[in-house]
1. Amide H neighbours of Met333 under 5 Å, counting only residues 5+ apart in sequence or on other chains, H built in-plane at 1.01 Å?
2. Once you place label points 7 Å from the Cα toward the Cβ at Leu326 and Leu73, how far apart are they in nm?
3. Out of residues 5 or more away from Gly237 or on other chains, whose amide H comes under 5 Å of its own, with H placed 1.01 Å from N in the peptide plane?
4. I'd like the accessible area for Trp241, computed on protein heavy atoms only with a 1.4 Å probe and all protein chains in place. Round to 10 Å², please.
5. Compute the semi-axes of the equivalent ellipsoid of the stretch 182-280, taking the square root of 5 times each eigenvalue of the Cα gyration tensor, and list them largest first in whole Å.
6. Scan around Ser5 for amide H atoms under 5 Å from its own, H built in the peptide plane at 1.01 Å from N, and keep only partners 5 or more places away or cross-chain.
7. As an exercise, take the mean of 1/r over every pair of distinct alpha carbons in the stretch 276-365, invert it, and state the Kirkwood radius in angstroms.
8. At 7 Å along Cα-to-Cβ for each site, give me the label-to-label distance between Thr37 and Met158 in nm.
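The values are calculated or read from the model by the stated rules, or taken from the named source; none is laboratory data. In this text the structure is predicted, and so the values were computed from the model without any measurement. Note that each Cβ is placed from the backbone with ideal geometry, even for glycine, and that neighbours are counted across all protein chains shown. Keep in mind that these areas ignore ligands, DNA and RNA; they rest on the heavy atoms of the full protein, side chains included. Shrake-Rupley method; radii C 1.70, N 1.55, O 1.52, S 1.80 Å.
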Amino acid sequence: CRPTSQVIITKDDCVYERNNGGPIIMQSLSLDGKPKTVGGDEFYITYTQGLGNGKWSMFNHYSPDAVARIVDLNDGRYELHFVQPVGPTINGPRLPLSMVEGQGGKLDIHLEYTCGVGALWPPAKSNWVDGGSIYSHWEAEVDASMVPSIEMKEDRPMPQQFGYEWSRYKSIHSVGNSMMRTFVYGENGTRRQKNMGIGPNNAEPLNLDTLPTWLSVIEKLDTEESVNSGDSALLLGSGMWDMANGIDENMDNHLEAVEKYIRGIRIMAPLADIYWKSMTATHMYAYNKARVRENRIERARATLRYNSRNRAQAFYEAQAKLMQRLDVPLIDMFNMTFDAGEWHVLNDASHFKSEFNDYLMDYFYPIDNPSLPLSPNLRSLLAPGYKGYDSLLATGHV
C-alpha cells in the first residue's frame, strides 16, 4: 500500500438543500499523484460555513457546522456524508442554513492513519516506536457549488435519554476509569447529578484476567453502599483502556469478560439495575507529540499505539450488540463524541472538556438537580497530579 499524500474531492448534483444531492466523493492519491485503489485510511473531516466569518484559527478553536461520517469504499475512494453535530459550540450558535445559502465555506481534512495502520490489533505494533499515526491537515475553500448536503440533527434519530428512570433511584453508582469520572463529576469537583456518584477507580482493561478485580469492586461497593437495596442502579463501562493497553488479537476475551461481569453482578446484586456507558470516540489529530514533556513521551507513545477511530468504533459496536443481547440499556454517546473533535482536552485524543461532559450529562439525564460538593477525599482523586489519575496521554497538560 502506498501512503496517502493527497486527496481530490468531487461532488455530483450539488444542491444546497437539506438531505439533497449526492455525497461528496474523496479520492486518495499517492505521493506521485496517482489515484490509489485500496482503502484503509482514517480521516476526520469537517465543514464550516461562510468564508471570512472569523471562526477559523490555527488552533482549530471553533465548532464546525458539519462533520463527515465517512464510508471507506475500499477502492481508494471515500464517501463523505455530512451531519450537523448535536452538541454545544465553542463560538456561539450555528447559523441556520438559510442565512448562508449561496455562500461557500471551508473543509478541514485531517489524515490520521493510512494503509490500514489504524485498524491493526496487537501484537502487530509491538516493536514500533509509536502507533504510526499521521498528522496531515489540509484545508480547502469551497464555493457554493461544492457545499455538501448536511443532514440536520432534527432529521435523524437521537440516542435514548434516561431522565425519568434515573431520577427515581436513591443512588446511581458508577464504576469505571477517568472517562467515567469526568462524565459524572464536573471540573469544579461537583457531582453533575445529586444521586449519581462514582465508586473506586478502575484504571485497567476488562478481560478474563482482570475480571476478579472488577467484580471485587462491585462486591466492596455493595458492602459499603448497599447497591442491592432495590433503589439503586449501577452505571458501568470499559473500553478506552481495553483499546489502549489490551494485548489480545481480537475482542473475544474482552467481550466474554464483559458478559461474565454483568452476569456476575446480577447474581451478586439482583435488585440493582444495570446501565452501560458506551465507548466514546477518539481523535488522533487532537494530539501533538511535540507538546509532550520529554520525560513522558514514552508513556504517551505506549498508550496511543493502538488508539484509533477504527478500533474505538469496533469496541463501541461490539459492546452495543452485546448489551442488546443482555438487555442492558446503553448510554449511547459514540456518535455525539465523534462529532465533537474540537471539544477534546488540550493535546488529549481521548478525554473531553468539562463543558462537553456537562452537555452529555444534561442530555442523558435531563432533570434539574443541584450539584453536591465532593468530599475532600474524592476531590483529591480528581486533582491534577494525583498518582492514580489515568489520563491516557500523560502529556503534562492534564
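1. Ser278
2. Placing both labels 7 Å along Cα→Cβ, they lie 3.9 nm apart.
3. Result for Gly237 returns Val175, Lys277.
4. Ignoring ligands and nucleic acids, Trp241 comes out at about 20 Å².
5. Working: eigenvalues 106, 67, 24 Å².
Output for the stretch 182-280: semi-axes of 23, 18, 11 Å.
6. Distant-sequence amide H within range of Ser5: Leu29, Ser30, Leu31.
7. Computed over the stretch 276-365, the radius equals 14.3 Å.
8. Distance between label points: 4.7 nm.
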